[in-house]
Amino acid sequence: MRSLRPRAHSIKVTYLLTFCCYGTHLPGDARGWVDRTRGDHRGGYRKPSAALERHARDQMRQAPYRLDKRTADTVLGAIREACVARDWQLVAAHVRSTHVHCVVDGDERPNRVVADFKAYASRVLNQAEGYQKRWAREGSTRRLANSAAVHAAVRYVVDGQGNAMAVYVSSPRPDGTGL
């Protein structure tokens, strides 16, 4: 069985990770949406489709899940705990009512990081409020190629999301990001 722990010779990479709460961004959504069945999850958005959005809503097994300030703080704490346990550096995070953005340095596959963040957060929330579906499937993982991209992503996560809900920014790093 393969260990989920990173290998000692792995190279750390910085990613902008985004994942949504269940039912808050459906296929056909007027804001645009990603058709994962076509394999274009790293590409652009599809055009809105009210009929498709209605169909997706009809398929839902529960009401959309939204985070309030208390649960957003809980999710942020769980993400920070996951980073400590996995030896990832959380550069910045912003937990919103319908989605989560994180900038993370790590040497694990980004989809694994997203899955661990969701699992850690769900575990704590399940203890507090019982089980329910909280997260949409998968998430967006964008590799940040250089320090300018990391800095721009941190600014977007921290300052580009409207009124702050649950925000974390690491102390400044030598490359100037994390401010």
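Testing E129 on (1) over 16 Å from Y15 (Cα atoms); (2) charged (D, E, K, R); (3) under 12 Å from the mean Cα position of the chain (by Cα), one condition comes back false. Which one is that?
(3)
Could you tell me which residue of segment 68-115 is farthest from A164 (Cα to Cα), considering only residues that are free of Cβ contacts under 8 Å to residues at least 60 places away in the same chain and of a type in the set (D, E, K, R)?
The extreme case among them is R109.
How many of the residues in segment 135-156 are assigned to a loop (DSSP other than H, G, I, E, B), in contact (Cβ under 8 Å) with a residue 12 or more places away in the chain and farther than 20 Å from A121 by Cβ?
Our first condition is that a residue be assigned to a loop (DSSP other than H, G, I, E, B); within segment 135-156, this holds for 136-139, 144-146.
Narrowing the set further to residues that are in contact (Cβ under 8 Å) with a residue 12 or more places away in the chain leaves 136-139, 144.
From the residues that got through so far, the ones that are farther than 20 Å from A121 by Cβ too are 144.
Number of matching residues: 1.
So which residues in segment 116-134 are of a type outside the set (S, T, Y), without any contact (Cβ under 8 Å) to a residue 24 or more places away in the chain and outside any helix (DSSP H, G or I), if there are any at all?
Listed by number, the list holds a single entry, G130.
More than 21 Å from G23 (Cβ to Cβ) and open to solvent by less than 70 Å² (accessible area, probe 1.4 Å), is that true of A82?
Values: more than 21 Å from G23 (Cβ to Cβ): yes; open to solvent by less than 70 Å² (accessible area, probe 1.4 Å): yes.
Considered against the rule, which asks whether it is more than 21 Å from G23 (Cβ to Cβ) and open to solvent by less than 70 Å² (accessible area, probe 1.4 Å), A82 comes out as yes.
Return the residues of segment 51-67 that are touching a residue at least 12 places away in the same chain (Cβ under 8 Å), more than 15 Å from T24 (Cβ to Cβ) and surrounded by fewer than 16 Cβ atoms within 10 Å (Cβ to Cβ); say none if nothing qualifies.
A51, R54, H55, listed by residue number.
Please determine whether any residue of segment 77-90 is in a loop (DSSP other than H, G, I, E, B), within 19 Å of R134 (Cα to Cα) and at pLDDT 95 or above.
Looking through segment 77-90, none of the residues is in a loop (DSSP other than H, G, I, E, B), within 19 Å of R134 (Cα to Cα) and at pLDDT 95 or above.
With the requirement that a residue be part of a strand (DSSP E or B) and closer than 16 Å to T14 by Cβ, what does segment 95-115 give you? Lay out the reasoning, then the answer.
The initial filter retains those residues of segment 95-115 that are part of a strand (DSSP E or B), namely 95, 99-106.
H101, C102, V103, V104, D105, G106 - these are the residues of segment 95-115 that are part of a strand (DSSP E or B) and closer than 16 Å to T14 by Cβ.
Do we have G176 as out of contact with any strand residue (DSSP E or B) (no Cβ under 8 Å at 6 or more places or on another chain) and at pLDDT 95 or above here? Spell out how you get there, then give the answer.
On the way: out of contact with any strand residue (DSSP E or B) (no Cβ under 8 Å at 6 or more places or on another chain): yes; at pLDDT 95 or above: no.
No.
Just the residues that are surrounded by fewer than 16 Cβ atoms within 10 Å (Cβ to Cβ) and under 21 Å from A149 (Cα atoms), please, taken from segment 90-118.
Answer for segment 90-118, where residues must be surrounded by fewer than 16 Cβ atoms within 10 Å (Cβ to Cβ) and under 21 Å from A149 (Cα atoms): R109, N111.
The values are calculated or read from the model by the stated rules, or taken from the named source; none is laboratory data. Given the structure is predicted, the values throughout are model-derived calculations rather than measurements. For neighbour counting, all protein chains shown are included, and Cβ atoms are generated from backbone atoms with ideal geometry for every residue, glycine included. For accessibility, only protein heavy atoms count, side chains too; no ligands or nucleic acids. Shrake-Rupley method; radii C 1.70, N 1.55, O 1.52, S 1.80 Å.
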